[in-house]
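Structure record follows, encoded as structure tokens.
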């Protein structure tokens, strides 16, 4: 009888231990999944925006920002180049360029918004205001040109981009539920995009608003009035020489 009781107690203790171990394993798995979800959230969204969503998951993120600068860049002749590449080579090519641009964006305190095919969009002054947003994107533009010249020398083949800049107010916010996306809207965005698409390889085209912010520290070449799709005739300039480096904010 004593033996039976001892065996029963042993079985009960074993079952209890297994159950406890399983509970701890499940709890660890939940904590790991929560950590992964948080890491993904902070990778997808600007830090400030991710924190706001974490504190109030059901809130609508929509901000009006008056002093921003937008940069668009696009790789010249990307379509014929991509037709000559294997899929892995194409992805590696784009990843190398855009990863370099990501590093430059971090260097200048800018917010990468998105890539669209072979186009790259970055902004200054959001989600939080910054000092001299137009100067920041101008410095980014020159660094992008320098980086691609270095890469061109390395691979023995020219890689060029068109760059467009504009400054002004925007609306920024988060859209989606399954795949959250921080985006920016408004005439400022559309005009910056047109500055790129109506530009020339290896050059930085800017609007009057961007030139006004930069005129005391940078050199320009007037392009004159250009017919811009969806906007009309617009006076634009080429940004040709950089100014003094921006002090740390």
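The values are calculated or read from the model by the stated rules, or taken from the named source; none is laboratory data. Computed from a predicted structure; not experimentally measured. Neighbour counts run over all protein chains shown; Cβ positions are idealised from the backbone, glycine included.
Criterion applied to 149, 233, 203 was being surrounded by 17 or more Cβ atoms within 10 Å (Cβ to Cβ) and assigned by TED's automatic domain parsing to the domain that holds residue 70, and the one residue passing it is 203. Do we have residue 101 as in a helix (DSSP H, G or I), surrounded by 18 or more Cβ atoms within 10 Å (Cβ to Cβ) and at pLDDT below 95 here? In short, no. Per the conditions (1) touching a residue at least 24 places away in the same chain (Cβ under 8 Å); (2) farther than 23 Å from residue 78 by Cβ, the sole criterion not satisfied by residue 187 is (1).
If you go through the range 83-97 and keep only what is surrounded by fewer than 17 Cβ atoms within 10 Å (Cβ to Cβ) and either in contact with a helix residue (DSSP H, G or I) (Cβ under 9 Å, 6 or more places away or on another chain) or in a loop (DSSP other than H, G, I, E, B) (or both), you end up with 84, 85, 86, 90, 96. Return yes when residue 74 is surrounded by 15 or more Cβ atoms within 10 Å (Cβ to Cβ), without any contact (Cβ under 8 Å) to a residue 12 or more places away in the chain and assigned by TED's automatic domain parsing to the domain that holds residue 210 and no when it is not. For residue 74, the condition - surrounded by 15 or more Cβ atoms within 10 Å (Cβ to Cβ), without any contact (Cβ under 8 Å) to a residue 12 or more places away in the chain and assigned by TED's automatic domain parsing to the domain that holds residue 210 - is not met. Across the range 146-182, what is the total count of residues that are under 18 Å from the mean Cα position of the chain (by Cα) and closer than 21 Å to residue 210 by Cα? Residues meeting the conditions: 10. Within the range 52-71, the set of residues being assigned to a helix (DSSP H, G or I) and either within 22 Å of the chain's Cα centre (by Cα) or in the same structural domain as residue 210 (by TED's automatic domain parsing) (or both) comprises 52, 53, 54.
Among the residues making up the range 105-118, a single one is part of a helix (DSSP H, G or I) and more than 11 Å from the chain's Cα centre (by Cα): 107.
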